[in-house]
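First comes the structure, then the notes that go with it.
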Amino acid sequence: METTIKPGRYLLAALAIFLLSNCHKEPGNLNKSPNVDSSIVNAMYPKVQSFYDAGASSTVYKSIITYDKDNHIQEMARDSTLLITVKGSTVNVITNTYTYKDKYTYYLNYQYIMSYVFSFDGLGDPNSTIYNKCPLKMESSFYENNVAAGTTQSRPATVEYLSGNKEGYPLQEMSSDGDGYNYNYTYDDNGNLKQITFITLSGPRSSQVYGRVNVISLDNKPSPFSAVKGYWIASFPQGYNWDYALAFCKNNPLQMTHETYNSEKGRFMVTEKDDFLYTYNDQGYPTQVSIDISYYSNVDGSLYQRGVRVYNYTY
């Protein structure tokens, strides 16, 4: 069984570097458990999220999640190699790679910082935050420090515009470039993600859908981050189907698909199918999620790759 996981829409170079890193430095002590939001029945907040790809290796990637007194995410840290920070309306994704002399001696040789700044200007509500509203604009920029080579590199900010629903989730994400893209989000009556359509604004299918993510079915239990306000922004940008599920589903998907348009056949082809299996705690939150991932050819629909990714949660 092949177990390689195919990249999704937004697989950051930073995350790819982290997954290839050999650093296994243990994180510091966990923060104490955050207070439970009394407005949500049986609300729980993940403190530790870990995952591994079954059959690929024994490596387990563990994220330590810390919150403020209002249960808003402040940091998500994977060992010393990846740190996601949330400060005000800014999300920074910081990736470090190291050169190891021995088990206890290592040197930073590369740092990559991706910064996302969200703006609410124009909403007319001075109390708008990433925890209660969908931003109107997002600016992304990066800074790269190649310590080993003694060079740095940066990119000016690029801009996306957003519109959202009353619950603060996005309905549309649009590039500022006229030749760019639009992403449209739809939800079911319970506020769960139903579909995302990806539209290109240039090329042979200009202004038409070229790909879509579909949530086929869900359970009736709370998803791991369903009580965490603003999680979709803290985890931005999403890249895999299950990233979208964690960010935009209040319940847990049982099956999701990704489709891409085949111009020769004149129809959409399923290129990815994900089947989810859950183990729940007494409050109904998942403590383990096993995802059976299948990839299919966009040419003839044949299965060409399959793998299993397993997530574990501590609340």
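The values are calculated or read from the model by the stated rules, or taken from the named source; none is laboratory data. Fair warning: this is a prediction, and the values are worked out from it, not measured in the lab. Don't worry about glycine lacking a Cβ; one is built from the backbone with ideal geometry, like all the others, and counts go over all protein chains shown.
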Completion exercise
Considering residues that are over 19 Å from residue 166 (Cα atoms), hydrophobic (A, V, I, L, M, F, W, C) and not in a helix (DSSP H, G or I), the number found within the stretch 229-249 is 1
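Looking only at the stretch 197-228, count how many residues are of a type in the set (Ser, Thr, Tyr) and assigned to a strand (DSSP E or B). Give the derivation first.
If we filter the stretch 197-228 for residues that are of a type in the set (Ser, Thr, Tyr), which is where we start, we get 197, 200, 202, 206-207, 210, 217, 223, 226.
If we keep only those that are assigned to a strand (DSSP E or B) as well, we get 197, 200, 210, 217.
Number satisfying all stated conditions: 4.
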Practice task
Note down all Cβ pairs under 9 Å where the first residue falls in the stretch 144-163 and is surrounded by 11 or more Cβ atoms within 10 Å (Cβ to Cβ), the second is part of a loop (DSSP other than H, G, I, E, B) and at pLDDT 95 or above, and they're at least six residues apart or on different chains.
Solution key: 161/136; 162/134; 162/135; 162/136; 163/134; 163/136
Exercise for the section: For the stretch 239-254, state whether one or more residues are modelled with pLDDT under 95 and touching a helix residue (DSSP H, G or I) at 6+ places or on another chain (Cβ under 8 Å). Expected result: yes
Handout entry: Number of the condition not met by residue 94 [criteria: (1) more than 30 Å from residue 252 (Cβ to Cβ); (2) in a strand (DSSP E or B)]
Key = (1)
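Residue-by-condition table, conditions (1) crowded, with 22+ Cβ neighbours inside 10 Å; (2) over 20 Å from residue 185 (Cβ atoms):
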site: 251; (1), (2): no, no
site: 256; (1), (2): yes, no
site: 284; (1), (2): no, yes
site: 288; (1), (2): no, yes
Practice task
Of the conditions (1) in a loop (DSSP other than H, G, I, E, B); (2) in contact with a Leu (Cβ under 8 Å, 6 or more places away or on another chain), residue 162 clears all except one; give me its number.
Solution key: (1)
Practice task
State whether the residues of the stretch 185-194 include one that is touching a Gly at 6+ places or on another chain (Cβ under 9 Å) and either of a type in the set (Lys, Arg) or closer than 19 Å to residue 82 by Cα (or both).
Solution key: no
